[in-house]
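Each remark here refers to the structure printed beneath this line.
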Amino acid sequence: MLRGITQCATCGVEYDAETLPSVCPVCADERQYLPPDGVQRWHQPAEAGAGISVVEVEERLFALRVDGGVGIGQEAKVLVTDHGSVMVDVPAAITAAAVEEVAKLGPMRAIIPSHPHMFGLQTAWSAALGDVPVWIARADAGWLGRTPAHRHLWDGEEEVLPGVVAAQLGGHFPGSAVVHWGGADGQGVLLSGDTIAPNPDGRTTTFMYSYPNRIPLSGAVALRVADGAARFAFDRLYGNFAGAILGGARDAVLTSAARHAAWTGGEHDDRTGPAGMPG
Ligand SMILES: [Zn+2]
Ligand SMILES: [Zn+2]
């Protein structure tokens, strides 16, 4: 399942081995980074290259935690419904043992990378789980380094399975997506990728054009993204790493967007010293 695939050693995104660019476009973009020495390195993925633990983070929601390997260390999620499973974001690693564990949870119906940084080994996961369609936001399809054989180009908002909806809210990338699911308790879960990132305090979120390079979105865009998310009812929010908000997440997103707009709009400049006020 790994034949013909090469990965960027820095970001972990997969490429066609035969048509490698000179530099990984994902890393060369101002949202990501090349290694400090500026040298592009490629990696041959191997099934035994990393360990992957499949951990239940709440009832019917699993995190795929990678130990070792290449890339930025995203934590893909698998949600499990009576109509099948959905993988949101894709690890930059694959092992036969992890494939077997994920397959045991039920038939995989869709693999949905929230944005191009999360492309990972998605064609390998698709093939290993039975030619699962990989959902690619049409607006961001130009970032694909390897075109999935089973690709579902999508726009806007679409029902993935009964009770599971994917929506492109934009911001971080034009097609940046979130996936909403009712959750086992019906209170609602938002898998938010990098579209809405939970902060270390576990109570607030942020809205960035670039995470590693910390380029913020405008207040207007943060408010638009938050309003897009608030169409859904959700109690918990999980980003594409280990961060999460484990209660009251919808309110947290709305108040965080208002805070972001206030700070980026200069409302709190009086708190920033040294001489205090501009002008
Ligand atoms: Zn890269
Ligand atoms: Zn990202």
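Tabulated data for the structure shown
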quantity	calculated
About the Cα centre, charge dipole magnitude for region 1-157 (Lys/Arg +1, Asp/Glu -1 at Cβ), debye	240
Backbone HN-Hα couplings from phi across region 109-118 [Karplus 6.51/-1.76/1.60, Hz, Gly and Pro as x]	9, 7, 10, 10, x, 5, 5, x, 4, 9
Karplus (6.51, -1.76, 1.60) ³J(HN,Hα), θ = phi - 60°, over region 46-58, in Hz, Gly and Pro reported as x	9, 4, 9, x, 8, x, 10, 9, 9, 10, 7, 8, 7
Cα gyration tensor category, rounded, prolate or oblate, for the chain with a/c compared to 1.5	oblate
Options 81, 192, 42, ranked by Cα towards positive dipole end of the chain, top entry (Cβ charges)	42
For the chain, calculated [θ]222 nm from helices alone, where every DSSP H run of n ≥ 4 adds -39500 (n - 2.57)	-5000 deg cm²/dmol
³J(HN,Hα) computed for each position of region 246-252 - Karplus, 6.51 cos²θ - 1.76 cosθ + 1.60, integer Hz, glycine/proline x	9, x, x, 5, 5, 4, 4
Nonlocal amide H pairs with residue 9, under 5 Å, H built at 1.01 Å	41, 42, 43
Heavy-atom accessible surface of region 222-279: percent carbon and sulfur, 1.4 Å	56
Region 184-251 versus region 1-75: alpha-carbon centroid distance in Å	23
Helix 219-230 axis, angle to the chain major axis (alpha carbon atoms, nearest 10°)	60
Accessible area of region 152-279 divided out per residue, in Å², using a probe of 1.4 angstrom	44
Shape of region 118-199, Cα gyration tensor, a/c cut at 1.5	oblate
Overall form of region 222-279 per C-alpha gyration tensor (a/c, 1.5; a/b vs b/c)	prolate
Length-normalised contact order of the chain in % [C-alpha pairs under 8 Å, at least 6 apart]	13
Dipole of the chain [Lys/Arg +1, Asp/Glu -1 at C-beta], most positive-end residue of 5, 70, 210	210
Accessible carbon and sulfur surface of region 12-93 relative to its total accessible area, %, 1.4 Å	48
Listed residues 252, 160, 265: farthest to the positive end of the dipole of the chain (Cβ charges)	265
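The values are calculated or read from the model by the stated rules, or taken from the named source; none is laboratory data. This one's a predicted model, so the numbers in the text were calculated from it and none came from an experiment. Note: ideal-geometry Cβ built from the backbone for every residue, glycine included; neighbour counts use all protein chains shown. The accessibility values were calculated without ligands, DNA or RNA, using every heavy atom of the protein model including side chains. Shrake-Rupley method; radii C 1.70, N 1.55, O 1.52, S 1.80 Å.
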